[in-house]
Amino acid sequence: MTETQIPTEQRLDIRLNVNGVLRTATVTPRRLLSDCLRHDLGLTGTHVGCEHGVCGACTIRVDGKPMRGCLMFAVSAQGHEITTVEGLADADGTMHPVQQAFRECHGLQCGFCTPGFLTVVSAFLEENPTPTEEEAREAISGNLCRCTGYQNIVKSVLRAAEITHERRAEQAEGDAR
Amino acid sequence: MKPPAFRYHAPTDLAEALDALDGVGHDGKVLAGGQSLIPMLNMRLAAPAHLVDINGLAELSYVRTDPGGVAVGALARHAEVEADEAAHAVVPLLRQGLRLVAHPVIRNRGTTVGSLAHADPSGEMTAVLALLGGSMTLARKGATRTVAAEDFFLGPLESCIEPGELAVAAYFPRLPGRTGTEFVEIARRHGDYAMCGVAAAVTVDDDLRITSARTAYLSLSPVPLVLDLTDALIGRTADTAEWNDAATLAGASLEPEPDIHATAEYRAQLARVLTVRALRTATERAARVEPNPTAPSTTDERSA
Ligand SMILES: Cc1cc2nc3c(=O)[nH]c(=O)nc-3n(C[C@H](O)[C@H](O)[C@H](O)COP(=O)(O)OP(=O)(O)OC[C@H]3O[C@@H](n4cnc5c(N)ncnc54)[C@H](O)[C@@H]3O)c2cc1C
Ligand code: FES
Ligand code: FES
């Protein structure tokens, strides 16, 4: 059942803005965005667990908002800004506050689910920079983790909020000097 | 877990979309948020020859509120409708139901009109539209029609949308003054489809006595079920109401089916318990709603 067995299948040249870089690919319309990122663009940070929207491993940000990569076609993503887990860290390699927090708080074990958590939490903290524990739980309720257990992930969310504030304070101090 | 091949159409305005749908007829399907359709394609439960992607139709991306109710365009995402303050002020049941639809990430992409078109009897929006007595606007090349909620849903995953037709908007009318609403449900996991859900609308008079009480049910019947429970509660207040009478009256009209998630008996029990919870909260809220909305409501006759 490879695509080549269907000679008439439509192919489209698409342009995607991924992590601030304009990328091109030739895809069939049924190419899932998650597969396009992984196989056509080599961005394997986006993981694929269930392919029906339940596990959250494939979550990416589209124009800032977290969405399921496995429930979008690559062709529909044209004209939108896509951020994958690869796009979270700074260009100089400084980890995103959420990444640093997951590391500090042991918010991951095997790491399979982690890209989905990082994209979701990064977006959530932009909307709600000082979440309560309950809000943190609600924010990650659409992502499944099979090994870490959620306690440390919830801690990571709260810690990420702290790190964001700490970094902002440092920045302000630096600017003042 | 990969979708079957299809031909992709990406219209950029409504006229183009209706042309495309007209051209593909029975072989075509609309792609809105894809949050129900793409899982079905991935699992190969559906294999349409053509998909008409309406995500380029910016003109359908709106939530418009007027004193009589809220019109939601086909491209408005669940999350946008949920966050809309004007819509919440006029039809609070919308947000009360939307916060129970899947997870925030799914709501960022899935559309409210798409979930109505999908006509899943476990979809919260079907119960909301039915309880409010709302309507759907369906367009095809050269013609537009408006269908009332009670005629729109035909069966599980079946609406009256015909091949070649596009649902362009849903209308959620405002309820009369002194009417409170609530939506409660029980799901096995937070964010999942509910085993049972109940939406309630209760109207009280100036002495806060109940004059009307209606409920709608999720996951209990092939199409959304609306019950009038006024007889069990009329003349009572939030403090004097015999809620269990209302639950018993509701229970007599419910015939839940068993499935892998719950036995029929358990579902019926959930329905009774949730009926009480939803009615009680709706009644308490009704007291805080202004007696007469600032402008005449278009739903007065329906809920009288
Ligand atoms: C993990 C998960 C959990 C979910 N949980 C819930 C839940 O608890 N409650 C709930 O209600 N929903 C739930 N959903 C479904 C979600 O609400 C979908 O957004 C919704 O059912 C469909 O909207 P859509 O825009 O994604 O439509 P699509 O998936 O694009 O389309 C669904 C169907 O409707 C048709 N259609 C869509 N729009 C139109 C239109 N404008 N005109 C004509 N036909 C149209 C399509 O052709 C297709 O047949 C869940 C989804 C997932 C993935
Ligand atoms: S792979 Fe997309 S949600 Fe599981
Ligand atoms: S860390 Fe292994 S699944 Fe979450």
inquiry  = Please compute the contact order of region B:179-286 in relative form: average sequence separation of alpha-carbon pairs under 8 Å and at least six residues apart, divided by the residue count, as a percent.
reply    = 33 percent
task = For the protein assembly as shown, give the magnitude of the charge dipole about the Cα centre (Cβ charges: +1 Lys/Arg, -1 Asp/Glu; no others), in debye to the nearest 20.
result = 900 debye
message = Charges on Cβ only, +1 for Lys and Arg, -1 for Asp and Glu, centred on the Cα centroid of region A:16-148; of A:Cys50, A:Ala136, A:Val62, which one is farthest towards the dipole's positive end?
response = A:Cys50
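Kirkwood hydrodynamic radius, computed over distinct alpha-carbon pairs, for chain B: how many Å, to one decimal?
19.7 Å
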ask   = lysines near B:Lys29 by alpha-carbon distance under 18 Å, same-chain residues fewer than 8 away left out - which ones?
value = B:Lys2, B:Lys141
message = With angles folded into 0 to 90 degrees, how steeply does helix B:14-24 sit against the dominant principal axis of chain B? Use alpha carbons for both and round to 10.
response = 70 degrees
query = Which residue, A:Cys70, A:Cys50, A:Cys113, has the most motion in a Gaussian network model of chain A that connects Cα atoms within less than 10 Å?
reply = A:Cys50
task = From zero up to wherever the largest Cα-Cα distance of the protein assembly as shown sits, split into 10 Å bins and tell me the percent of pairs in each.
result = 4, 19, 26, 25, 17, 7, 1, 0
key: For chain B: accessible area per residue (Å², 1.4 Å)   = 42 Å²
note = At 20 °C and 1.002 mPa s, the Stokes-Einstein diffusion coefficient in µm²/s for region A:43-177, with hydrodynamic radius from the Kirkwood sum on alpha carbon pairs, is 140 µm²/s
ask   = Roughly to the nearest percent, how much of the accessible area of the protein assembly as shown is carbon and sulfur, given a 1.4 Å probe?
value = 50 percent
query = For the pair B and A, how large is the buried accessible area, both sides, in square angstrom to the nearest 100, if the probe is 1.4 Å?
reply = 2400 Å²
Centre separation in Å (Cα based) which lies between region B:196-256 and region A:39-99 = 45 Å
request  = Note the angle between two axes, namely the Cα long axis of helix A:150-176 and the longest principal axis of the Cα atoms of chain A, as a number of degrees from 0 to 90, rounded to the nearest 10.
outcome  = 70 degrees
inquiry  = Given contacts defined as C-alpha pairs under 8 Å and at least six residues apart, what's the relative contact order of region B:7-53, whole-number percent?
reply    = 55 percent
key: Threshold 20 Å² - residues in region B:88-103 whose accessible area is reduced by that much or more when the chain is no longer isolated, probe 1.4 Å   = B:His103
request  = Choose one answer from A:Val120, A:Val54, A:Val62: the residue with the largest mean-square fluctuation in a GNM of chain A with alpha-carbon springs under 10 Å.
outcome  = A:Val54
remark   = In region A:118-151, the residues losing 40 Å² or more of accessible area (1.4 Å probe, heavy atoms of protein chains only) relative to their chain alone are A:Glu138, A:Ser141
key: Computed [θ] at 222 nm, helices only, for chain A once each DSSP H run of length n ≥ 4 contributes -39500 (n - 2.57)   = -10000 deg cm²/dmol
ask   = Using just the C-alpha positions of region A:97-176 as equal point scatterers, what log10 of I(q)/I(0) does the Debye formula give at each q in 0.12, 0.13 1/Å?
value = -0.32, -0.37
ask   = Among the residues of region A:35-59, which ones have their accessible area go down by 50 Å² or more when all the protein chains sit together, as opposed to their chain alone (1.4 Å probe)?
value = A:Glu51, A:His52
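The values are calculated or read from the model by the stated rules, or taken from the named source; none is laboratory data. As the structure is a prediction and not an experimental result, all values here were calculated from the model. When we count neighbours, we look across all protein chains shown, and the Cβ atoms used for this are built from the backbone with ideal geometry, even at glycine. With ligands, DNA and RNA removed, areas are computed over all heavy atoms of the protein, side chains included. Shrake-Rupley method; radii C 1.70, N 1.55, O 1.52, S 1.80 Å.
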